[in-house]
Amino acid sequence: MIILRRLLRTAVLALLALALAAPVASGAAQRIKDIAMLAGVRTNQLVGYGVVVGLDGTGDQTTQTPFTTQALISMLNQMGLTLPASALQLRNVAAVMVTSQLPAFAQPGQLIDITVSSMGNARSLKGGTLLLTPLRGVDGQVYAIAQGNVLIAGAGGQAGGTSVTVNHLNAGRIPGGATVERAVQAALGQGDHITFETMDTDFTTVTRIVDTINAAVGPGMATASDARRVQVRAPLDPTQRVGFISRIENLLVNTAEAAPKVIVNSRTGSVVMNTRVNVTNCAVAHGNLQVTIQSTPEVSQPNPLSQGQTAVTQQAQVEVREDKTGLVVLPNTTSLADVVRALNAVGATPTDLLAILQAMKAAGALQAELEVI
């Protein structure tokens, strides 16, 4: 009975320790596989030129896209049919570019997804079928063969000069539309070492990865080459090396805090900032300058028997207006909510924030890296 009570008490204490430790580990640490990737294990880009057939009169206009006719004639010649270009009046065919990504360790016979995009002036690829298309790598070798029915996530129609389009109709996907024909050899490290490359360049993160690996595997097993690469000694046996890499990838590392950063997309007006952004005391005034030019046509009619001619003149009215805005004081704050609230107090649109943030950065009031994309 005493032994049973001790076992129960030990089990309760172990469960309590796990319950207390789990939130800390999940909230303060990340797996190495989430912040770094194994050098040499990568995807490869594939591209090919193909023809989509079976369109409902929405294909390329062959008079403006001669490469579509040339591609079809070449394909028919390989099938034993010889036709002059003048005999082809095509409306159900479209020339397309086919792109895909060849995953690491992909083997012959494996299916991969492809994207089909129109090259000419086809109105829609909906309902079309991609004919046999070789996909080549940067070395010119064929690594996959694509074929299948194109899936378009959209719809459209036109009649009487009026057209309606929902989503994009000139690009679609074929899930599992290509079959891998050649594998790309990916080496799991060279010699007795494997190399992990972090996604972000940071000396602190690399140092913590080295310390974590050495503590879990053994002293001196991992060394840092620079602020991005970590070399780890690994078993020479390939079967043991796979399990060793899996163990290393699942180690938890306390990553360094992200640097304060603001991303501004000048094309869409999107502004994204992380929680590390802070603002020092500054005053901001922002006003919109609007210039409106309105032209009104007026008819000048001559007097009777004056032998004059009727003329149309343009009367232009120019109006310049600037919104009246005062200075808005932005307080010193380190909270993301306070930063957003202070910028909203200026009353600027997301597009206007680009100029405001650049001015604040130049004045030294924005304590963050500003990146415009």
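(1) closer than 30 Å to V184 by Cα; (2) touching a Leu at 6+ places or on another chain (Cβ under 9 Å): which one isn't true of L88, the others all being true?
The single condition L88 does not satisfy is (1).
Within the set of pairs 6 or more residues apart or between chains, which connect a residue that is under 15 Å from M199 (Cβ atoms) inside region 240-261 to a residue that is of a type in the set (V, I, T) and in a loop (DSSP other than H, G, I, E, B) with Cβ atoms less than 6 Å apart?
Going by the 6 Å Cβ cut-off, there are no qualifying pairs.
Residue by residue, here is whether (1) surrounded by 13 or more Cβ atoms within 10 Å (Cβ to Cβ); (2) over 30 Å from Q231 (Cβ atoms); (3) modelled with pLDDT of 90 or more holds:
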{"site": "G48", "(1), (2), (3)": "yes, yes, yes"}
{"site": "V51", "(1), (2), (3)": "yes, yes, yes"}
{"site": "D56", "(1), (2), (3)": "no, yes, no"}
{"site": "L76", "(1), (2), (3)": "yes, yes, no"}
{"site": "M79", "(1), (2), (3)": "no, yes, no"}
{"site": "Q89", "(1), (2), (3)": "no, yes, no"}
{"site": "N92", "(1), (2), (3)": "yes, yes, no"}
{"site": "S118", "(1), (2), (3)": "yes, yes, yes"}
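For region 191-243, how many residues are among the small types (G, A, S) and either closer than 12 Å to I35 by Cβ or under 33 Å from the mean Cα position of the chain (by Cα) (or both)?
The first filter runs over region 191-243 and keeps only residues among the small types (G, A, S), leaving 191, 215-216, 218, 220, 222, 224-225, 227, 234, 243.
Narrowing further to those that are either closer than 12 Å to I35 by Cβ or under 33 Å from the mean Cα position of the chain (by Cα) (or both): 222, 224-225, 227, 243.
Total satisfying the criteria: 5.
Answer with yes or no whether V138 is part of a strand (DSSP E or B) and at pLDDT 85 or above. Let's see the steps before the verdict.
Numbers: part of a strand (DSSP E or B): no; at pLDDT 85 or above: yes.
No: the conditions fail for V138.
Considering only residues that are modelled with pLDDT of 95 or more and farther than 30 Å from V184 by Cβ, which ones fall in region 141-161?
Matches in region 141-161: none.
In region 181-207, which residues are part of a helix (DSSP H, G or I) and surrounded by fewer than 18 Cβ atoms within 10 Å (Cβ to Cβ)?
F203, T204, T207
For region 95-116: of the residues being in a loop (DSSP other than H, G, I, E, B) and of a type in the set (A, V, I, L, M), which is surrounded by the fewest Cβ atoms within 10 Å (Cβ to Cβ)?
Going residue by residue through region 95-116, those that are in a loop (DSSP other than H, G, I, E, B) are 103-110.
From what's left, of a type in the set (A, V, I, L, M): 104, 106.
Working: A104: 13, A106: 20.
Ranking the candidates gives A104 first.
Within region 299-307, is there a residue that is more than 28 Å from I194 (Cα to Cα), of a type in the set (A, V, I, L, M) and modelled with pLDDT under 75?
Filtering region 299-307 for residues more than 28 Å from I194 (Cα to Cα) gives 299-307.
This time we only want the ones that are of a type in the set (A, V, I, L, M), so: 299, 305.
Narrowing further to those that are modelled with pLDDT under 75: 299, 305.
Checked against the condition, which is being more than 28 Å from I194 (Cα to Cα), of a type in the set (A, V, I, L, M) and modelled with pLDDT under 75, region 299-307 yields at least one hit.
Can you pull out every residue in region 223-275 that is exposed (fewer than 15 other Cβ atoms within 10 Å of the Cβ) and of a type in the set (D, E, K, R)?
D226, D237, R247, E257, K261, R267
The values are calculated or read from the model by the stated rules, or taken from the named source; none is laboratory data. Here the structure is a predicted model, which is why all the values come from computation and not from measurement. FYI the Cβ positions are ideal-geometry reconstructions off the backbone, even for glycines, and counts take in every protein chain you see.
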